[in-house]
Amino acid sequence: MLRVNGADRVLRVDNRVTLLDALREHLRLTGTKKGCDHGQCGACTVLLDGERANSCLLLAVTVDGRAVTTVEGLADGDDLHPLQRAFIAHDGFQCGYCTPGQICSAVGMLAEAADGLASWVSPDLTAAGDLDDEEIRERMSGNLCRCGAYPGIVAAVREVAER
């Protein structure tokens, strides 16, 4: 059983099915994208118990009983998540293929920063720092955008981080 976007979902899948394929093919949640299928591009990023994870690298059976949040689960009905609104306001996408993974990754990244977790470029490893552009870029570096919408992505994340 998976808890996906707040709802318990019972799946009967082969033990080789990835979480990504379970979401897309079995639950028809197609927001999460299949990019490289090697965990290198971040298009498949979801939140697993609130932490970001590459769903293409996880077997669905290994996340039994855990909470999975996809981009579809971030909005509250028609009320978009603040990051979804910010991506629109700052044109943080072009083709939009990487956008669901970027947004889920940003949600997880902001939670990590709020918990005081440092990144490679954090000047102080013992205190939560400001999320300036360099810090945001480093923390989001696992999510690639082939269109080059990075300025809009960084601006969107910065706007939400500053709230």
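The set of residues in region 112-163 that are assigned to a helix (DSSP H, G or I) and either open to solvent by 30 Å² or more (accessible area, probe 1.4 Å) or touching a Pro at 6+ places or on another chain (Cβ under 6 Å) (or both) comprises Glu112, Ala114, Asp133, Glu134, Arg137, Glu138, Tyr150, Pro151, Arg158, Glu159, Val160, Ala161.
Looking only at residues of region 52-91 that are among the aliphatic types (A, V, I, L, M) and part of a loop (DSSP other than H, G, I, E, B), we find that the one that is farthest from Leu19 (Cα to Cα) is Leu80.
Checked across region 59-66, the condition of being basic (Lys, Arg) and open to solvent by 40 Å² or more (accessible area, probe 1.4 Å) holds for at least one residue.
The values are calculated or read from the model by the stated rules, or taken from the named source; none is laboratory data. The structure displayed is predicted, hence computed values, not measured ones. FYI the Cβ positions are ideal-geometry reconstructions off the backbone, even for glycines, and counts take in every protein chain you see. These accessible areas exclude ligands, DNA and RNA; they are computed on the full protein's heavy atoms, side chains included. Shrake-Rupley method; radii C 1.70, N 1.55, O 1.52, S 1.80 Å.
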